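Beneath this line is the structure, given in structure tokens, with notes to follow.
The values are calculated or read from the model by the stated rules, or taken from the named source; none is laboratory data. This one's a predicted model, so the numbers in the text were calculated from it and none came from an experiment. Cβ coordinates were reconstructed from backbone atoms using ideal geometry, including for glycine residues, and neighbour counts include every protein chain displayed.
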Ligand SMILES: [Zn+2]
Ligand SMILES: [Zn+2]
């Protein structure tokens, strides 16, 4: 019998578990690490002014010599968005499909970063000793998506990537189920499976169905201008829009930086087929009669700087929305974006246009497997151990329940969190000591230090304003005349100001205070003002004491 290897593989989570975003998983075996994906998260109301959130990669930094390569499942931001901030430091080969790497390369060239990008095909095997990596084409809302298997001397790990089973995909490339079955038959020790749509029953609808919905809208809106907002990276969706526009004799115009860029990249790669004659520059779109043009624009999530939002608020000089427009928003709101999307929709209605959005059936289909498809994937792969990923806790929890219902023993499934390191051995799963992990905030393209404190300051200022307390110290005792209070964003009145002055002056009655270091004097002043503001004004503004000598 072959001697069993002592080494065990470990899986570390730098992101993408307990959250949807910044996917980054590491697989470590002995002195070797491969990374799957390097994604970012988008900021929300809790992170005002932040441009992007990327994973903390301290662990990789400490183990840099072990890193053999980065494997990319697909080109969505939550899978590649962190790499422009990391590849300068970690100069290892990056493997992905042609379109994934083209999307990444466009980001890298903006930052003038060189990286070793290696294109892999569906079915290709790559040896990153001791790992053998194999790529499996999956259907998703961006072309060139992969699931990945990684074989280690201890067994095979399968990572589902983001996927759905689409038997009639627009690009004519369905998934080869027999390969997934064969992999499962050979034996998969551990599967990491995406959980995004575990709460949705049944199956996803094929992308083709969206085409039928569009066809109907185009035929019902003869003579009107049509504006479609959709995700830039969904090339199959773009292709369907282009084809239907062509069928109805309409030209196409792209509005918004990201959509124009993706259209260019995918045309170069032969993934998007548009006749030059059908294309019109957005600047010239107004010259085409309404019934002969279709504008394809960014902004399906109500993003404030997108083309659609700016059109809705009348800030997009080239195009004004009016009575003869039909606007199609081909997307579902990502949770958290509802408010901005609905305000865009409200504004478009106010401008007199018609709007078709997610309340209309099949105007958008998800790229993430529903429950029955997740069952199918687990049944094909038949893993011994299972880690639900790409979801918040409840998604992971429900995916675990689903796996149990399919016969995977509960003790062979683990719900992990960011920073967890898990080892698989003959005795089962074990959680090792956590690795450093968390959020790194990007503001203005810069990785900042101590950004958590800055975000807290921004939140305090935006909720409760700022109060500057200026104290002038002379040789005489400090009186109310020596104190000035300046407010920004604080609702107040003269009485409050007087009281604050009185209280701050009282601080200086203590003779010893003037002998203290400036920092300590400021702390005392802050404390008094803060206590007063909280008690009497029922607010907690940011307080900035300034002490000057007269
Ligand atoms: Zn995705
Ligand atoms: Zn994703």
Item to complete: Residues being within 16 Å of ligand 1 (Cβ to nearest atom) and out of contact with any strand residue (DSSP E or B) (no Cβ under 7 Å at 6 or more places or on another chain): count how many of those fall in segment 55-72.
Response: 0
Response to the item:
Checking 373, 401, 411, 417 in turn, the sole residue that is part of a helix (DSSP H, G or I), in contact (Cβ under 8 Å) with a residue 12 or more places away in the chain and away from ligand 2 (no atom under 16 Å from the Cβ) turns out to be 411
Discussion item. Checking the condition farther than 20 Å from residue 127 by Cα, buried (at least 24 other Cβ atoms within 10 Å of the Cβ), touching a residue at least 40 places away in the same chain (Cβ under 8 Å) and out of contact with any strand residue (DSSP E or B) (no Cβ under 7 Å at 6 or more places or on another chain), which residue from 38, 81, 16, 75 passes?
Written reply: 75
Practice prompt. Pick out the one residue from 285, 312 that is touching a strand residue (DSSP E or B) at 6+ places or on another chain (Cβ under 9 Å), touching a residue at least 24 places away in the same chain (Cβ under 8 Å) and buried (at least 21 other Cβ atoms within 10 Å of the Cβ).
Written response: 312
Worksheet item: Hey, any hits in segment 63-72 for a residue that's within 14 Å of ligand 2 (Cβ to nearest atom), in the same structural domain as residue 120 (by TED's automatic domain parsing) and in a loop (DSSP other than H, G, I, E, B)?
Response: yes
Item to complete: Return the only residue of 166, 122 being away from ligand 2 (no atom under 16 Å from the Cβ), farther than 22 Å from residue 39 by Cα and in contact with a strand residue (DSSP E or B) (Cβ under 6 Å, 6 or more places away or on another chain).
Response: 166
Item to complete: Mind checking which strands (runs of 3 or more DSSP E) fall wholly inside segment 455-550 and carry at least 3 residues that are free of Cβ contacts under 8 Å to residues at least 40 places away in the same chain and more than 30 Å from residue 53 (Cβ to Cβ)?
Response: 483-488
Fill in: Output for segment 219-243, where each listed residue is surrounded by fewer than 22 Cβ atoms within 10 Å (Cβ to Cβ) and more than 16 Å from residue 263 (Cα to Cα)
219, 220, 221, 222, 223, 224
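Listed here are the residues, each with its yes/no results for (1) at pLDDT below 90; (2) in the same structural domain as residue 62 (by TED's automatic domain parsing); (3) under 41 Å from the mean Cα position of the chain (by Cα).
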{"position": "435", "(1), (2), (3)": "no, yes, yes"}
{"position": "443", "(1), (2), (3)": "yes, yes, yes"}
{"position": "478", "(1), (2), (3)": "yes, no, no"}
{"position": "484", "(1), (2), (3)": "no, no, no"}
{"position": "490", "(1), (2), (3)": "yes, no, yes"}
{"position": "496", "(1), (2), (3)": "yes, no, no"}
{"position": "502", "(1), (2), (3)": "no, no, no"}
{"position": "511", "(1), (2), (3)": "yes, no, no"}
{"position": "531", "(1), (2), (3)": "no, no, yes"}
Response to the item:
Flagged in segment 288-309 as modelled with pLDDT of 90 or more, surrounded by fewer than 17 Cβ atoms within 10 Å (Cβ to Cβ) and over 14 Å from residue 227 (Cβ atoms), in numbering order, are 289
Worksheet item: If residue 196 passes every condition in (1) under 28 Å from the mean Cα position of the chain (by Cα); (2) not assigned by TED's automatic domain parsing to the domain that holds residue 149 but one, which one does it miss?
Response: (2)
Worksheet item: Wholly within segment 98-198, which strands (runs of 3 or more DSSP E) include no fewer than the required count, namely at least 3 residues that are more than 16 Å from ligand 1 (Cβ to nearest atom) and either over 28 Å from residue 264 (Cβ atoms) or at pLDDT 95 or above (or both)?
Response: 117-119, 125-128, 131-138, 145-152, 155-159
